[in-house]
Each structure stands twice: as structure tokens, then as C-alpha cells.
Amino acid sequence: MIDNSPSLLTPTSIVRRALRALANLRLAIFLLLAIALFSISGTVIEQGQSLAFYQANYPEDPALFGFLTWKVLLVLGLDRVYRTWWFLSLLVLFGSSLTACTFTRQFPALKAARRWKFYTKPRQFEKLALSAELDTGSLDSLNPLLEKKNYKIFREGNALYARKGIAGRIGPIIVHASMLLVLIGSIWGALGGFLAQEIVPSGEAFKISNIINAGPLATAQIPTDWGVKVNRFWIDYTPEGDIDQFYSDLSVIDDEGTELDRQTISVNHPLRYRGVTLYQTNWGIAGIVAQVNNSPMFRLPMAELETEGGGRFWGTWVPTKPDMSEGASLLTKDLQGTLLVYDAKGNLSGAVRTGTTTEVNGITLKVFDLIGSTGLQIKADPGIPMVYGGFGLLMIGVVMSYLSHSQIWALQVGDRFYVGGRTNRAQVAFEREVIGFLDQLKG
């Protein structure tokens, strides 16, 4: 009887039991499903938004699905799924399971596939699923047939061993290694990456400061020795007046204002510099340049108005008296240059385009320019190269895993010739191949 009492447990046995538990297939499947489930939740639930956003979209009454409120989201960390301790723990545990499986199963399987021996007794062929005893044939006649099918051949005396497709045994190891690389890249990206948003008027420079989501190690990724200048922002419109594309001419500058890089970005065409990517995601109207009668030109800011679903509008107020007791309101919905003018009583006075004048409240108002502002999403993810490399390696490993590892033994005993073989997949194709060898040997 075996005594399994705790007193007989040694560190080595404990490690072996832990490795067997980690390498369990059911555990790996459970972890993979859990990671997939929480990844879906991180895709469905908006990540990294403000408290007001979650309070507005996930109210306590009525709660989504009867339980999902903004408080539940914040407590569980569903507003930042990919950076929570429990999600990173799942990734680490799954990676540990893959590592344990690789060393306890895949490497021994590869070692066993590389280790071979000759069959020196006819009865050894009986344990093969596919074997035959012939009264014709020889090792010399079988040898060229195997070479033609790209088998690697070993001979010793009256025995022969041949194999091909050893890469099929290496494929699963590469798949595991690629998945580990993806996991490491994901963890490193979650810990060392950041996400920021900036909205900047044309002609102004800025440094990345509006960080909305960052990992605990992201400080090293946030640039402090360079900034960005928005040289110009503009929008291309379709003949129907809809937005076709919007562009930002950006310059990367150092602390002295020296240009380090320059590129025009648009949607799906970002600027990348030193591991930081700037995406074109939004736009707005920052202000207007105007003149009242013969006054100097001045710049007024424009603010986006709340329209309750009626589209985006920006507005500003222009004083028409020196004591600012009276003024006119200007409204516009795009950068095409047309503004609606309302007098002091709120009546529509007319419309004015950039470069033209209009009369309102007894004064002449001229609008010189509309100043657009670009909305940028700025992201750094140091784990991206590892993730991309892991997926590339994964495709290679999957293709290699489809290769069959086929083995053939042969033995010449007097006038009897024994042939047998086995494979780990594509059994029908292998049987046809071996039957083809036997037919040629009989012939």
C-alpha cells in the first residue's frame, strides 16, 4: 500500500503535482474561455470613460440586465478590463499552464519522436496497426521508394527505419511559444501603455498631458522631451456637403521648437514616432477671426452647443457696442465658411461667409477665418511588436502542426521481408502510401 501522507511529500513531488495540475487540458480550456469572456466584455463596455459617462449610460434605475450599474462596473473594474489585477492574473495563469504543458508533454513527445530504434524481430511488427509480411522485396528495393517520398532513412544490418514530418512534432511547441509571446506582449502593453486624448486648434502646439488610461509602468512611455504642433487642420467635403475626410498637418518638435518629424494624418493613417501613435479621431471649431467696423482683427472662441440630437453646432457672441451691452450671435455647423448671424433680440439677421461682411445691430461685421481644431487619440503600447510577432509565429506553428509524422520499419529475415509503419494523422493517406510501397515491392 502506498502511503500518501503529507509527511512523505517532498519539494520535488509537490512541484511535479503542481506542474501536472497546471498542464491539465480542462484547466487550460477554462482559463481560455474566461479570458475570451472578459475580453468580450471589454469590447462591449466602453473602456476608460469618465465617471459621468458611466453614470449616464449605466444608471442604477433601471439597471442593465437587472444588475449592471455604474457602481458594479467600477467595483469590478469592467471600465478598464485589460488592466485589472484579475485579468492580468488570468493571463499569467494561462501562460503558466501553456509553459507547464510544453515542458511536461510537448518536449517529451518531440524527444520520443527523435528517438528511434530498429525492429530486429518479426513479432515486433505485430503491434503496428499497418504491417505486412512479404516473400519478395528487400531493403535495397525499399530504400529508393522511401527516398522518393522524402523519408529520412537509417539502416543497420538487415533492419531499416525511416521517418518524415518531424516538423509536425515541433509545430505544437511553436504554437505554445507563440501564444506565450502574445500573452507577454499583452501584459507588457497593459502595464506599460497609455491612452490620451487631445483637441488642439490649428497653429497651436501641445505636449501629451490629457492621459485617460495608463498602466502602472507607463511613465517611461509618456514623452517629455518632445511635443506636437498642429500646423493646419482641414476637412474635405463631398458635393452633397457631407464630410469626406479630415486631415491634420502635424509636426513633432523638441523643447526648442525644432521640427523632428512632419506628417499629414487622416482617419486610418496615423503618425508614429518613437513608439507613440497619433490617430485622427475627431474635430471641432475652436474660434473665428473677425472685425467690427474698422476695429483691429480679433479672435473669439467658439463653443459646441447642446442640440439634443439635432447635429453638431458651434456658437460665439460678438460684442457690437464698446461697453459690451449689446452683441450678435454667430452659429455654424462646419468649416465650409458659412455662419448664421442673430441680432441682439435673437432674430435671424442673415448669413455671412468667411471673407465677407454683413450688417447687424447697426455695425458692419466681417469674418476673416474659421479656426478648426483637431481631435487626436494618442496611444503607446510597447507590447504590440511582441503580439504581432506572436501571431505570425502562431500561423507558422499551425501550418507545421498539420504535417504528419510518419514512421516505417523494415526487416529482412531469410526470404521473408517485413514492412510496417504508423503515423499520427492523415491515416488514410499514409495507408495508401504504404500500400503503394508494398505493391511495388511485390511487383
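FYI, it's all coordinate maths here, none of it is from the lab. Small disclaimer: the values here were computed from a predicted structure and weren't measured. Every residue, glycine as well, gets a Cβ built from its backbone with ideal geometry; the counts of neighbours run over all protein chains shown.
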Review point. What does the charge count near Gly420 come to, summing +1 for each Lys or Arg and -1 for each Asp or Glu among other residues with Cβ under 15 Å from its Cβ?
Key: +3
Practice item. Would you tally the net charge around Pro122, using a Cβ to Cβ cut-off of less than 12 Å, leaving Pro122 out, and scoring K and R as +1, D and E as -1? Key: +2
Check your understanding: In degrees between 0 and 90, to the nearest 10, how far off the longest principal axis of the chain does helix 11-22 point, with axes built from Cα atoms?
Key -> 70 degrees
Point to revise | Whole-angstrom gap from the range 396-443 to the range 220-270, using each part's C-alpha centre | key: 63 Å
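How would you order 315-326, 411-422 from highest to lowest mean count of nearby Cβ atoms within 10 Å? Write out the running numbers ahead of the final one.
Details: 315-326: 13.7, 411-422: 17.3.
Ranked from most to least packed, the peptides come out as 411-422, 315-326.
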Check your understanding: How much FRET efficiency would the formula 1/(1 + (r/R0)^6) give for Arg114 and Leu191, where r is the Cβ-Cβ distance and R0 is 51 Å, rounded to 0.05?
Key -> 0.85
Practice item. Using +1 at the Cβ of each Lys and Arg and -1 at the Cβ of each Asp and Glu in the chain, identify which of Asn213, Leu195, Val399 lies farthest towards the dipole's positive end. Key: Val399
Practice item. Give the angle, between 0 and 90 degrees and rounded to the nearest 10, that separates the Cα long axis of helix 427-442 from the longest principal axis of the Cα atoms of the chain. Key: 40 degrees
Exercise for review: Please state, to two decimals, what the Cα-based radius of gyration of the chain comes to when divided by 2.2 N^0.38 Å (N = residues).
Suggested key: 1.61
Exercise for review: Beyond 24 Å between alpha-carbons counts as too far, so tell me which of Lys321/Lys366; Lys117/Lys442; Lys111/Lys442; Lys127/Lys148; Lys111/Lys152 fall in that bin.
Suggested key: Lys117/Lys442; Lys111/Lys442; Lys127/Lys148
